[in-house]
Amino acid sequence: MASVDDIVSRLQGLSLGAKVVKHDPVTSPAAWKDALAAASDVPASYELTKTLVYKPKTAKTATPVPVIAIVREETETSSAALGKKLNLKELRLANEDLMKEFFSADKDSVSPVSLDATSFPKVVT
């Protein structure tokens, strides 16, 4: 996974005009909201997101293909409905081992920027 400085550099290279807001590490959307409320230079309007990683039921010998859902923080997400839409059986939240294997990150660090040229072809988005 790329470093924070590398990601910030790439985003600034896109000339989007977005500001970088630094805060302590967070482990939940609520903590993220609190950290942004306490930070300076936060835009007046923004939306929080959450990244959910699911593992569909697979045969024991098959390699699982994780499903990534990037949704608004307040969105209730039904794994059954998502699985039905994608025609996958028994989606359940991925465990820490799967996240480390595919994204080299723990559950608190997986985000859209965890998807890179190596991991993107291995997942369903």
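The values are calculated or read from the model by the stated rules, or taken from the named source; none is laboratory data. Here the structure is a predicted model, which means the values were calculated and not measured. Please note: Cβ atoms are built from the backbone with ideal geometry, for glycine as well, and neighbour counts cover all protein chains shown. Protein only, heavy atoms only, side chains kept; ligands, DNA and RNA dropped before computing areas. Shrake-Rupley method; radii C 1.70, N 1.55, O 1.52, S 1.80 Å.
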As straight-line cross-link partners of residue 85, the qualifying lysines (C-alpha separation under 27 Å, not fewer than 8 residues apart within one chain) are 50, 55, 57, 60, 100, 107, 122
Note on the chain, DSSP bridge orientation, antiparallel percent to nearest 5 equals 90 percent
Of every hundred units of 1.4 Å-probe accessible area on the chain, the number belonging to carbon and sulfur atoms, as a percent, is 53 percent
Labelled set (1) 29, 17, 13; (2) 27, 19, 12; (3) 25, 15, 15; semi-axes √(5λ) of the Cα gyration tensor in Å computed from this model equals the value at (1)
Candidate cut points under chymotrypsin sites (Phe, Trp or Tyr not before Pro) in the stretch 1-93, DSSP loop plus at most 11 other Cβ atoms within 10 Å of their own Cβ, are 46
With every protein chain in place, the accessible area of residue 49 for a 1.4 Å probe, in Å² rounded to the nearest 10, comes to 50 Å²
Probe 1.4 Å, heavy atoms of protein chains only: per residue, the accessible area of the chain in Å² is 71 Å²
Counting only DSSP loop positions in the stretch 6-58, the trypsin sites (Lys or Arg not before Pro) whose Cβ has at most 12 other Cβ atoms within 10 Å are 19, 22, 57
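Size of the dipole of the chain about the Cα centre, Lys and Arg at +1 and Asp and Glu at -1 on the beta carbon, nothing else charged, in debye to 20? Show your work: numbers first, answer last.
Numbers: 16 positive and 16 negative charges, 136 e Å.
Around 660 debye, computed over the chain.
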